[in-house]
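Okay, structure first, notes after.
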């Protein structure tokens, strides 16, 4: 017997509706109900950041948000990062700097780094590392990720009018 | 960051964007758990709560009766298990072990071992069903430590296992599966000649590969008995052959579709979920998907062995090692087959020794069955050997890098385990480390220390296949079976591009399933850039040959008169006759048909890899916590096809090595149950725990490969724990002999040195 | 995860009614970063989750130099440290709010939830204790106040009775020449549970030469976070010199009752309490303008 709730949220700028049970996480609904598999599950308990999304403008782990809690809220996922004009500077820098190897953590890192750069356009290396401490990568040792984020910050600054 | 070598190539050595990059940075790339199929059922696995127990019976009736449950399977459902139970032949025994690791037989041998699996309409129902499966366990005393396991009278995991001793099967029942030995020269005479002798014992804890993506597997049978498997694996052909053996189904009936893979490091070669998906899918007639939780990954897959090791080394005052003795006791986990052999072969490999002996013991314990983890076995033995060398240097007052120059292996030297080195670049890595500014920079503060260590990995070759077809617009489609875990699509494509005189972007690589390409061995063993690169090279040569012939046909001139130079086909004699690759490609369909080249190889000519690392640490003597201040990793890559991905492999291996050195460990309670099976308490480095990692790529090309490639993926994980142990030793004046060197362990070592708390 | 009923309360009264109706089978949901993990792991079971994020009193974050800080139980960590006035007045609180769990966790987790989760290792509780925080609890019998050091009774257990919930925390305004600091020891640099943690607050005399008052509270070395009154006794009236701090550190070590577990041994934890108490007091002194 299911007790599904009807939820309306704004996902990547689009009004979206879905049915979900109270115990389903936002991560589960994004992946299994809405087919948005760009957000990944790495641990399901808030320790790896692979499921990072932005909820009402704040960076969160979607495995620790109940889908029902998104009623009336905005959710931004990796699928919304690139625009019709092309890749976001972060995505472009990740490619240029080879900041991904297996790529499973990459959506989480890009969402997290984008949240940082929109708040702090010129972070130091240490600030980037602290902000991203909740995103685990096992392949890269973070070196090229940090370089890509710092590089994207410069590109984004240069683009400002 | 590459050492300067003259520019020999057009494409090789450049840094094009990887072909699968856009998919991965936009979240569109599909990994195994992303797969969705109509009518999909979801599977879950029941796992043993006991580290050691006899399974008296399993009653699945209540689970099967639960609404929403479509099938339940246990070990008796695996065809191979029942078939080979009587045979003691080595293949049959290995198959029985594999089968029992997929689903237990008559014993549970580790906490987390798979006992049964359920397929249901959703994951919640599947989990409820697990709770309804009644297993009658008779708990047995567990053995959870290698030195306890080898004691006389220790509980036996496999009552029928007979110890193999120095090449001969004995009639002794013990937990030692195998004891082997490598010897060279006269150990005792060598020790007599020594002016200093250092002897140390080590204990290292089990660690996990820690890939961020958990295991997955989806299976679907067609009505005519054909099985399709989708999974994230390092080797789709390996999955196919394991399934064929377990299910006793011909390989021709199985197709394995490799999805993108979120990290493997050796842990995603053996099958875990794929056979369960196949069995459940057959029983239900529906596709069945299984994924592991993070706790299941820790408890139900294959970490690397914990070990106990002894090293005794003698050297004369001129700085030459006169004798070295190494004993390695590795925990294989529940079934035999730890990488102690590799650990034994690598331990002393960087050094040219006259007198040495290495003893290796493969020991079963009630822990998950060990799987490969990046240079399997080598990090552990390097921890022991490279720190003893450091102590020898300290006693002799010789710089540890100079010492390595005095003793380092070079071409023509024979390893303790037998093989003679061909062209290698070990000494080059040591010289590069010596010359690096890092080595001369003052430490700049109290409680700081610098450590160095070297490492070796043989690398592998193996079978691979590739075909290349020419497209009318001058691009080529390259088809391969090598799963791309870290950028091999691009490095393989670059090798084909180099042959054909094309830019890397003009090659379109695709990774395909087992029906669509020739046999391809795993993406592992640091073999892919070599073996699939070789297959691509030869397929490209085949294309080039055919295109030269086609140009000859078009120009009605003998093919010897035509050459391909920087992407242009031209006549050697008539400058008017030339066609770009694209122009010729556009003419193919009209001049005789499409051109496709192919190759299957069994790549020999493997070039081993050496690394030498330098690390600076700062230790807080009040808390025992170590910070990595600076890290420089020097490695011989042969020829760096794509330097960014070579750097990435080095940096990733270093990061894993740092985690192994400082904080990662399987924490077992007295009952042999893992207490820390989550990323909260299994502590892998975060971005805040590491500095930028400097890489120096030394290039001593491997003569066995057309572009000089040496595998790069594994050796970087070998030196870090030893280098960090040496650095901590220089910072604090204590020798660390355990891994991890967590803050508590460092404090204990400090307190022991001070004879009590300060 | 087993299913449950999810309801939102918009008033204190409604939340109390929803909780009282289900008693032990109902729990509050604020940030969810502890309870969702526990429900998923089967360590807890509920029939009803009551979301209090919509209750104004639970969301208040208001600081006034005469009345102090009113911190709603559902205020996430990021709101605390991004509020400049609060950050300037209570850096000791910010120490905890900015190191719990990483950026994503801080986007949801609340100090109120950290307190109600009542883990022995909670990072938010020692700073609340040393700042003299008071818990404002609502229940079927009305509103009551509990000093924060009395709130936790055992690992995972608090003084909350069925139907009651933590609405907000009242923290007194900082006194002149005062400072507070929270430090924890973790093996990595983020994302870990504290092996040991110490919160310290000091109030100095006008010349900054003597301790007028001081508080030391410990995490991870007892079944609940621990206020160490002996440390306070060692400091009050004493001169600001390492001697008094050392005595306070020793008192803290003596008061601690650590256990052996996979995160640390008894010996290591007790030793760390000494080290961290010294460092936390020095940090508090620095913020008080002296040290």
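Rule-based calculations on the coordinates, nothing more; no lab input. Remember, it's a predicted structure, so these values are computed and weren't measured experimentally. In this analysis, Cβ positions are derived from the backbone assuming ideal geometry, glycine residues included, and neighbour counts consider all displayed protein chains.
A Gaussian network model of chain A, with springs between Cα atoms under 10 Å, assigns the largest mean-square fluctuation among A:61, A:45, A:76 to A:45. For a paramagnetic label modelled on residue C:246 (point 7 Å from Cα along Cα→Cβ), amide N atoms under 13 Å away are absent within the range C:182-217. Between the range B:392-463 and the range B:11-35, what's the alpha-carbon centroid distance in Å? Each part's Cα centre sits 35 Å from the other's. Residues B:438, B:308 in ascending order of nearby Cβ atoms (within 10 Å, fewest first): B:438, B:308. Which residues in the range B:190-205 have a backbone N closer than 13 Å to a point placed 7 Å from the Cα of residue B:170 along the Cα-to-Cβ line? Nothing falls inside the zone, counting backbone N under 13 Å. Ordering of C:25-38, B:601-614 by packing is B:601-614, C:25-38, highest average first (other Cβ atoms within 10 Å, averaged per residue). In terms of its C-alpha gyration tensor, the range B:213-361 comes out prolate, because a/c is 1.5 or above and the ratio a/b outweighs b/c. Estimated at 0.36 nm per residue, the fully extended path between residue C:84 and residue C:157 surpasses their Cα-Cα distance by 23.0 nm.
Length available on full extension from residue B:156 to residue B:65: 0.36 nm per residue minus the Cα-Cα distance, which gives 29.0 nm.
Each label point was placed 7 Å from the Cα along the Cα-to-Cβ direction; for residue A:155 and residue B:667 their separation is 4.1 nm. Over chain C, the Kirkwood radius and the radius of gyration, each from Cα atoms, give a ratio Rg/Rh of 0.98.
Hey, if you drop one equal point scatterer on each alpha-carbon of the range C:178-287 and run the Debye formula without solvent, what base-10 log of I(q)/I(0) do you get at q = 0.11, 0.16, 0.17, 0.24 Å⁻¹? Per q value, in the given order, log10 I(q)/I(0) is -0.31, -0.62, -0.70, -1.23. Ordered by the count of other Cβ atoms within 10 Å of each Cβ, fewest first, B:591, B:529, A:16, B:322 give B:591, A:16, B:322, B:529. Label-to-label distance for residue C:170 and residue C:266 is 4.1 nm, based on points extended 7 Å past Cα in the beta-carbon direction.
Helix C:12-22 axis versus longest C-alpha principal axis of chain C: approximately 70°, rounded to the nearest ten.
Computed over all pairs of different Cα atoms, the Kirkwood value for the hydrodynamic radius of chain B is 27.4 Å.
Three principal axis extents of the protein assembly as shown based on alpha-carbon atoms, in descending order, are 99, 75, 74 Å. Extending 7 Å from the Cα toward the beta-carbon at both residue B:252 and residue B:559 defines two label points whose distance is 3.3 nm. By the helix-only formula, in which each DSSP H run with n ≥ 4 contributes -39500 (n - 2.57) and the sum is divided by residues, the protein assembly as shown has a 222 nm mean residue ellipticity of -9000 deg cm²/dmol. Expressed per residue, the C-alpha convex hull volume of the range C:56-171 stands at 97 Å³.
At an R0 of 35 angstrom, the distance between the Cβ atoms of residue B:568 and residue B:226 translates into a FRET efficiency of 0.15.
Helix A:106-119 and the long axis of chain A differ in direction by around 70°, with both axes built from C-alpha atoms. To the nearest ten degrees, helix C:266-287 and the longest principal axis of the Cα atoms of chain C are 80 degrees apart. In terms of its Cα atoms, the range C:5-51 spans 31, 19, 13 Å along the principal axes, sorted from long to short. Panel order for A:102, A:43, by other beta carbons found within 10 Å of each beta carbon, from fewest to most: A:43, A:102. Extents of the range B:85-209, taken as max minus min of Cα coordinates on every principal axis and listed largest first, are 71, 33, 27 Å.
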